[in-house]
Amino acid sequence: MTRIALLSDTHGYFDERLAHHLRGANEIWHAGDFGSSELVVQLAGLAPVFRGVYGNIDGTDVRCTEPLVQDFAVEGLRVLMTHIGGYPGHYAPAARQLLAQARPGLFVCGHSHILRVMPDPKLNLLALNPGAAGRHGFHKVRTMLRFGIDRGKVVEMQAIELGPRTAMADTGVR
C-alpha cells in the first residue's frame, strides 16, 4: 500500500500541525496554490515522492517547477490532478476535457477551499478536494486528506482538520 498525504491552497502557510500529518506519507500531493517556491521545496523534502500542480495564485517561480496538470499512476490507479477542477456534475470546462481524455480512476483538485470526497459513477472515478491547508481564503477550518492506495483502490480515507483558519490572536477573540 502507498500512503498519500493530500493538501492544497497553502498560500505560503506551513505549520507544525501540517508537518505532523505529513509524516509517514510515501507520497505528498499538493493540488495548487502553494504561495511560494520555498514551500514547494519544503514539502518535497518531507516524503520520498512529491507531486504538485501550480494554482492560479502561484507565480513564475512555482510554475517553473510544477505543471498545470499531473497524470500518473499509483499502484495501478490512474490519477489526474489539476488546481481548478470542480466536482461531479460541476466540473470546470477544462477539467471536463481532461477527464474525458485521461479517464482516471481518481481526480484531484483544489481551488474551492471546500473539502470534498465524492464518487462520480458517471465517469467511474473518485473526486477529491482536500480543502485549504493555508490561512488565506473564506474557509473557517484548515483541512487536508490522508489515504492509501492499495492495488488500484483508495483505502483508509481520513479527512483531517488542522485548526481554525485564523488564530485566536488574529480574530481579537480571547
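Of note:
- Within segment 5-18, the set of residues being open to solvent by less than 10 Å² (accessible area, probe 1.4 Å) and more than 16 Å from His83 (Cβ to Cβ) comprises Ala5, Leu18.
- Residue in segment 148-167 that is modelled with the lowest pLDDT, counting only those that are of a type outside the set (Ser, Thr, Tyr) and in a loop (DSSP other than H, G, I, E, B): Ala167
- Against the list (1) part of a helix (DSSP H, G or I); (2) open to solvent by 10 Å² or more (accessible area, probe 1.4 Å), the condition Ala95 fails is (2).
- Filter result for Gly35 (part of a loop (DSSP other than H, G, I, E, B), in contact with a His (Cβ under 7 Å, 6 or more places away or on another chain) and open to solvent by less than 20 Å² (accessible area, probe 1.4 Å)): no
- When Val49, Val79, Val41, Val69 are checked against the criterion of being loosely packed, with under 14 Cβ neighbours inside 10 Å and β-branched (Val, Ile, Thr), a single residue qualifies: Val41.
- Within the set Leu145, Leu123, Leu128, Leu115, the sole residue that is modelled with pLDDT of 95 or more, of a type in the set (A, V, I, L, M, F, W, C), open to solvent by 10 Å² or more (accessible area, probe 1.4 Å) and under 12 Å from the mean Cα position of the chain (by Cα) turns out to be Leu115.
- Qualifying residue in segment 99-107 (condition: more than 23 Å from Lys153 (Cβ to Cβ) and either in a strand (DSSP E or B) or open to solvent by less than 40 Å² (accessible area, probe 1.4 Å) (or both)): no
- For segment 148-166, taking the residues that are closer than 20 Å to Ser36 by Cβ and not basic (Lys, Arg), the one that is surrounded by the most Cβ atoms within 10 Å (Cβ to Cβ) is identified as Leu162.
- Applying the set (1) within 17 Å of the chain's Cα centre (by Cα); (2) under 20 Å from Met118 (Cα atoms); (3) free of Cβ contacts under 8 Å to residues at least 12 places away in the same chain to Tyr87 leaves exactly one unmet item: (3).
- Ala25 touching a Pro at 6+ places or on another chain (Cβ under 7 Å) and under 15 Å from Ala133 (Cβ atoms): no
- Taking the criterion of being closer than 16 Å to Ile84 by Cα and out of contact with any Pro (no Cβ under 9 Å at 6 or more places or on another chain), the residues of segment 118-132 that qualify are Leu128, Asn129, Pro130, Gly131, Ala132.
- Filtered by the rule that a residue be touching a helix residue (DSSP H, G or I) at 6+ places or on another chain (Cβ under 8 Å), open to solvent by 50 Å² or more (accessible area, probe 1.4 Å) and in a helix (DSSP H, G or I), segment 56-66 gives a lone residue, Asp61.
The values are calculated or read from the model by the stated rules, or taken from the named source; none is laboratory data. The structure presented is a predicted model; accordingly, all values stated were derived computationally and were not measured. Cβ coordinates were reconstructed from backbone atoms using ideal geometry, including for glycine residues, and neighbour counts include every protein chain displayed. In case anyone asks, the SASA skips ligands and DNA or RNA and just uses the protein heavy atoms, side chains included. Shrake-Rupley method; radii C 1.70, N 1.55, O 1.52, S 1.80 Å.
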